[in-house]
1. For Phe227 and Asn78, compute 0.36 nm times the residue count separating them, minus their Cα-Cα distance, and round to one decimal in nm.
2. Computed FRET efficiency, Cβ-Cβ of Tyr274 and Gln35, R0 41 Å: what is it to the nearest 0.05?
3. Rolling a 1.4 angstrom probe over the protein chains, ignoring ligands and nucleic acids, what is the accessible area of Val93 in square angstrom, nearest 10?
4. What accessible area, in Å² to the nearest ten, does a 1.4 Å probe give for Leu115?
5. Of Arg77, Arg97, which has the most accessible area with a 1.4 Å probe, and how do the rest follow in descending order?
6. Using a 1.4 angstrom probe on heavy atoms only, work out the carbon and sulfur share of the accessible area of the chain in %.
7. Amide H neighbours of Val161 under 5 Å, counting only residues 5+ apart in sequence or on other chains, H built in-plane at 1.01 Å?
8. In the chain, which helices (entire DSSP H runs) extend 27 Å or more along their own long axis, judged by Cα positions, while averaging at least 0.0 on the Kyte-Doolittle scale?
Amino acid sequence: MRASFRIGRIAGVPVGVNWSVLVIFGLIAWALSAQQFPAAYPDRPTWQYVVAGLSAAVAFFVGLLAHEVSHAIVAKRNGLEVGGITLWLFGGVAELRGEARTPGAELRIAGVGPLVSLILGLAFGGLAAIAALAGTGDGSLLVGALAWLGGINILLAVFNVLPAAPLDGGRLLRAAVWKWSGDRMKASVVAARAGWVLGILLIVFGLWQFFTGVGFGGIWLALIGWFLISAAGAEEQQARIGQALQGVRVGDVMTPQPQSVTGSVSVADFVDHYLFAYRHTTLPLTEGDRPVGLVTLDRVRDVAADARGATTLEEVSCRADELVLAHPEEPLTDLLPRLNECADGRALVVVEGRLVGIVSPSDISRAVQRASVRQ
């Protein structure tokens, strides 16, 4: 899930927000300020309900961020790189680069998120109890907001430990099966299948709620179930691909010595003189023999015809700080999680900063086909 905009860094990890968060934020704030709080605490000024609803919604997403930041911090301590954290429609995701090396590391990385949510829930619940005992001024509405935050964070912790991928509980299940069987691929398949089952149950239960008139919340449950099924299927496929590519190096599948072009070439010049001369749809931009960017035909196609003469390839390329770089001796399975970061899933292979190859989706596909034959 890509971030629509960045909000900064926490513990050295970029934090972004997808536009879908704004929809959920608005729904939560509206439900609290227009329905739940007025029903529970009537005869208050409207502005108090609005402030309480907005404050609770902000605190909820701060709690989600704390959940994901904890994953990122523990992952870094266990030797994994973290590409970023993104808040989106169904919560948040920490983009881990690579896989945990041991079941214990998997357990620690997965378990810390629900633990943080549980601690936050208990803390908010304790503050609600203190505010209720104080019982002064507008304390009752404050109690309501704190109690809701306590309950929603505990619910988030409980839901996340359900033993089904891609939830944290699925990771915990994978760690347990991995430790028991010694087979990470088998553990990943078990967790993914559990995610598929949970997704089906949520869809059935959600649709039952909707059609029996319980409420529109059933549609939300069905959407979550659909997401779990899709994500669990993708994780199982990724696990099988990782198993097939075990022992394969980046240098084994890369296209060596790829054709390149300088970034100062105009888009018009590229279309007129390079487009049909080069057989690849993606070209690295180089200065000497060092990569400084990556341009695809899709990026070139998006430039208006009347602007191509004044636009250089550098202006439309994937920038140097966005490039996915790899080393020929790097395991291909370590590269796979990074391939979606820029330029349609391509990675540039470098040795001491010099461009020596490129890895494309077609290279990965051929490697998987060959590995399946070998197996």
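1. Working: separation 149, 0.36 × 149 = 53.64 nm, distance 2.83 nm.
That works out to 50.8 nm of additional length.
2. Numbers: r = 60 Å, r/R0 = 1.46.
Rounded to the nearest 0.05, the efficiency is 0.10.
3. The accessible area of Val93 comes to roughly 50 Å².
4. Taking all protein chains as shown, Leu115 has close to 90 Å².
5. Arg77, Arg97
6. Answer for the chain: carbon and sulfur cover 62 percent of the accessible area.
7. Long-range HN contacts for Val161: Gly169.
8. Within the chain the helices that satisfy the rule are 46-77, 103-134, 139-160, 184-211, 217-244.
The values are calculated or read from the model by the stated rules, or taken from the named source; none is laboratory data. What you are looking at is a predicted structure, and each value in this text was computed from that prediction instead of being measured. For neighbour counting, all protein chains shown are included, and Cβ atoms are generated from backbone atoms with ideal geometry for every residue, glycine included. Protein only, heavy atoms only, side chains kept; ligands, DNA and RNA dropped before computing areas. Shrake-Rupley method; radii C 1.70, N 1.55, O 1.52, S 1.80 Å.
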